Amino acid sequence: MAPSQPTAATPSVFAQAILGAYKRYGKNPAHALAVAQIAPEEIHAPNGRITAAQFERLSGAAMRELDDEALGWFGRRLPWGSYGMLARASISAPTLRVALTRWCRHHGLICADITLRLEVDGDVASITLHEHVDLGDVREFCQVSVLRNILGVACWLVDSRIPLLAVHLPFEAPLHRDAYAVLFSGPVRFSDGPATLCFDAHYLDLPLRRDEKALQHMLQNALPLTVLQYRRDRLLMQRARQTLANHARQTHNADTLAALLHVSPRTLHRQLKEEGTTLQALKDEVRKDRAIDLLQRTERPIKQVADASGFRNEKSFIRAFRTWTGQSPAHFRRQRP
């Protein structure tokens, strides 16, 4: 069997933007294109695509040749090593919250054209990009790159996948809008700015899992962070338990729960197994806790308790409750203090 070819999913307009940076600085992109093995017709094809590997090689070569890690987005260069400096300032933080706060603050020190801000509203955290100048033709490329960069670093710092609840972008949906399913893991909303990533705020409390040695290695291979999909989600079990509790009637099977968690059913089962549990065990735990709480605190009829606990009918609830406690729900209620 022939080896599978890499999927060409990165919009070639991003490569066009890099060529624009070469033009701005009066330099020839021929070497970078050769390193990336990109033919001119690939870049200029209508709604064309290149592979992630090609784009990484092109970006890496351009950043070094132009000495600008921002690739011409801003009014001044961000010399090679600028984002490494942000990473060094963040890696000593005790939690992701502190690390991202530092990243956003220090990004403002090296670039005045945009501001990054971390905010929390209830259980939802957001990283927002505010524009202070007209970014012109590179607006989409800049905003997508900056957001994917900070998300990639955040995932790396805590060694965990951080699924996105939503992505807001201020520009209209481009011709290559389908590529955004690859660029971001969560639902993308166009013409809905400012540019923002939204995710579960509980990830901010995770401790950092990287040290100086890991940082040195990462800085030599930093570009893949923008496309790396982490298998492990260190909060998936907690998120699954909370979702089961909050949406008892809508989570009767793995498909509906996985959709609410923005993962595939296969990923859900695999990661729960890695955490030493199963979906059924988690459902039983949540339903049992919910049922016991309602039986102890309320006078709701057993049928209502069954429904509120996520059961399709009273009979299956009573059978499950006997398995959990050795008693019927009615007998359990009579025994309460």
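The values are calculated or read from the model by the stated rules, or taken from the named source; none is laboratory data. Because the structure is predicted, anything quoted here is derived from the model rather than measured. Positions of Cβ are backbone-derived with ideal geometry, glycine not excepted, and every protein chain shown enters the neighbour counts.
Within 18 Å of the chain's Cα centre (by Cα), surrounded by 13 or more Cβ atoms within 10 Å (Cβ to Cβ) and modelled with pLDDT under 75: is that true of Ala240 in this structure? So Ala240 does not fit the description; no. Only one of the numbered conditions (1) over 24 Å from Arg177 (Cβ atoms); (2) within 25 Å of the chain's Cα centre (by Cα); (3) assigned to a loop (DSSP other than H, G, I, E, B) is not met by Trp73, and that is (1). Looking at segment 77-185, none of the strands (runs of 3 or more DSSP E) lying wholly inside it contains 1 or more residues that are assigned by TED's automatic domain parsing to the domain that holds Ile18 and crowded, with 18+ Cβ neighbours inside 10 Å. Of all residues in segment 151-169, those that are touching a strand residue (DSSP E or B) at 6+ places or on another chain (Cβ under 6 Å) and farther than 14 Å from Ser185 by Cβ total 2.
Cβ-Cβ contacts under 6 Å between residues 6 or more apart (or on different chains), taken from a first residue in segment 81-96 that is hydrophobic (A, V, I, L, M, F, W, C) to a second residue that is outside any loop (DSSP other than H, G, I, E, B) and surrounded by fewer than 16 Cβ atoms within 10 Å (Cβ to Cβ), are absent. Looking only at segment 306-334, residues that are surrounded by 11 or more Cβ atoms within 10 Å (Cβ to Cβ), over 40 Å from the mean Cα position of the chain (by Cα) and not in a helix (DSSP H, G or I) come to 2 in all. Of all the residues in segment 243-260, those that are of a type in the set (A, V, I, L, M) and touching a helix residue (DSSP H, G or I) at 6+ places or on another chain (Cβ under 6 Å) number 5. Against the numbered list (1) surrounded by 18 or more Cβ atoms within 10 Å (Cβ to Cβ); (2) under 30 Å from the mean Cα position of the chain (by Cα); (3) part of a helix (DSSP H, G or I), Gln280 comes up short only at (1). Selection of segment 28-72 for residues being basic (Lys, Arg) and either free of Cβ contacts under 8 Å to residues at least 60 places away in the same chain or assigned by TED's automatic domain parsing to the domain that holds Ser82 (or both) yields Arg57, Arg64. When Ala2, Ala9 are screened for being modelled with pLDDT under 95, within 18 Å of Ser145 (Cβ to Cβ) and not charged (D, E, K, R), only Ala9 passes. With respect to Lys303, determine if the residue is crowded, with 18+ Cβ neighbours inside 10 Å and of a type outside the set (Phe, Trp, Tyr). So Lys303 fails the test.
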